[in-house]
Amino acid sequence: GNVATAISGVYEVANSCRFNDDDSPKLTRTFTETGGTRDSSGTTWTISMWVKRANLGTVQPLWSRYQSSDYSTVGTFNADNSITFKQVFAGSAVGVLTTNRRFRDTSAWYHIIFVWNTGDGTAGDRMKLFVNGVEETSFSTDTNPDQNLASTWGTAHEMVIGNSQSTYFDGYLCEVVYLDGTAVSNANDFGEFDSDSPTIWKPKDVSGLTFGTTGFYLDFEDSSSLGNDAAGSNNWTPTNLAAADQ
């Protein structure tokens, strides 16, 4: 009873989505929208997700947009269990962050935020990565994009969650958010540190955020439509994902 009383006001995440790489699962969407609250040059966006890994030591993409020699990978776990955030144009990497940090805990959820904000006059602030409420600052590769450089993410080409070409993510995702036209300066819109255990990062309700024209919120609460956008109509198409994966 005392425990129930203590946690009654805590925000609870109801569902996640399981990505079993043996099934070749993915979510896809082709964006066609332009203008509105989305920066027309694609210079400003934020991606947030909670991730639980199920397999280590292999290359596993979280999100990607691939078109020949121009592609974005918004979070790829590498074989050494680091993570890379990358934009490539014409075969050349124009923006890359690869962490020195290793993500080896398969029993825990990681909250990861990727920020693209090339309108910023400070080169080191144009790409940011937050893990469990704290900005990552230690990178084995840190290549800053040019000011006002547009990314390929959110442009009129197929975007994929859980897959990039022939490789697949193996694990669980929940509270998947894309803020179109917004670059957050910290992680506080998505989570908070526990008041009693200040090293524990926990989720907050994100339904009131401004998602923008192509923005979306995947809460995985509809098992018959796991790509449903809970914030609007930017729904995703599931492939090899069934109700049992909710």
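Numerical summary
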| read-out | value |
| --- | --- |
| Hits in the stretch 190-205 (condition: in contact with a Gly (Cβ under 9 Å, 6 or more places away or on another chain) and within 21 Å of Asp229 (Cα to Cα)) | Phe190, Gly191, Pro203, Lys204 |
| Per-region count, the stretch 83-107, residues at pLDDT 85 or above, in a loop (DSSP other than H, G, I, E, B) and open to solvent by 30 Å² or more (accessible area, probe 1.4 Å) | 7 |
| Residues located in the stretch 73-82, provided they are open to solvent by 40 Å² or more (accessible area, probe 1.4 Å) and either under 17 Å from Asn148 (Cα atoms) or in contact with a Lys or Arg (Cβ under 8 Å, 6 or more places away or on another chain) (or both) | Asp80 |
| Positions within the stretch 152-200 being in contact with a Pro (Cβ under 8 Å, 6 or more places away or on another chain) and polar (S, T, N, Q), in sequence order | Asn163, Ser164, Thr167 |
| Flag if Asp245 is out of contact with any strand residue (DSSP E or B) (no Cβ under 6 Å at 6 or more places or on another chain), among the charged types (D, E, K, R) and at pLDDT 95 or above | no |
| Options Ser166, Ser151: the member that is closer than 19 Å to Thr46 by Cβ and of a type in the set (Ser, Thr, Tyr) | Ser151 |
| His111 being open to solvent by 30 Å² or more (accessible area, probe 1.4 Å) and either at positive phi or touching a residue at least 12 places away in the same chain (Cβ under 8 Å) (or both) | no |
| Residues of the stretch 206-246 satisfying the condition of being in contact with a Gly (Cβ under 6 Å, 6 or more places away or on another chain) and among the small types (Gly, Ala, Ser) | Gly212 |
| Residue list for the stretch 153-173, filter: in contact with an Asp or Glu (Cβ under 8 Å, 6 or more places away or on another chain) and open to solvent by less than 10 Å² (accessible area, probe 1.4 Å) | Gly154, Phe169 |
| Residue in the stretch 129-152 that is most open to solvent (accessible area, probe 1.4 Å), counting only those that are among the hydroxyl-bearing types (Ser, Thr, Tyr) and under 19 Å from the mean Cα position of the chain (by Cα) | Thr137 |
| Pairs where the first residue, in the stretch 17-33, is under 18 Å from Arg65 (Cβ atoms) and among the aliphatic types (A, V, I, L, M) and the second is open to solvent by less than 40 Å² (accessible area, probe 1.4 Å) and outside any helix (DSSP H, G or I), C-beta under 6 Å, 6+ apart | Leu27/Ile161; Leu27/Gly227; Leu27/Trp236 |
| Any chance Gly212 is in contact (Cβ under 8 Å) with a residue 60 or more places away in the chain and closer than 30 Å to Val59 by Cβ | no |
| Filter pass, Asn186 being modelled with pLDDT of 95 or more and more than 19 Å from Ser16 (Cβ to Cβ) | yes |
| Yes/no for Asp80 being charged (D, E, K, R) and over 25 Å from Asp189 (Cα atoms) | yes |
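The values are calculated or read from the model by the stated rules, or taken from the named source; none is laboratory data. Not measured: the values here are computed from a predicted model. All Cβ positions, glycine included, derive from the backbone under ideal geometry; neighbour counts span all protein chains shown. These accessible areas exclude ligands, DNA and RNA; they are computed on the full protein's heavy atoms, side chains included. Shrake-Rupley method; radii C 1.70, N 1.55, O 1.52, S 1.80 Å.
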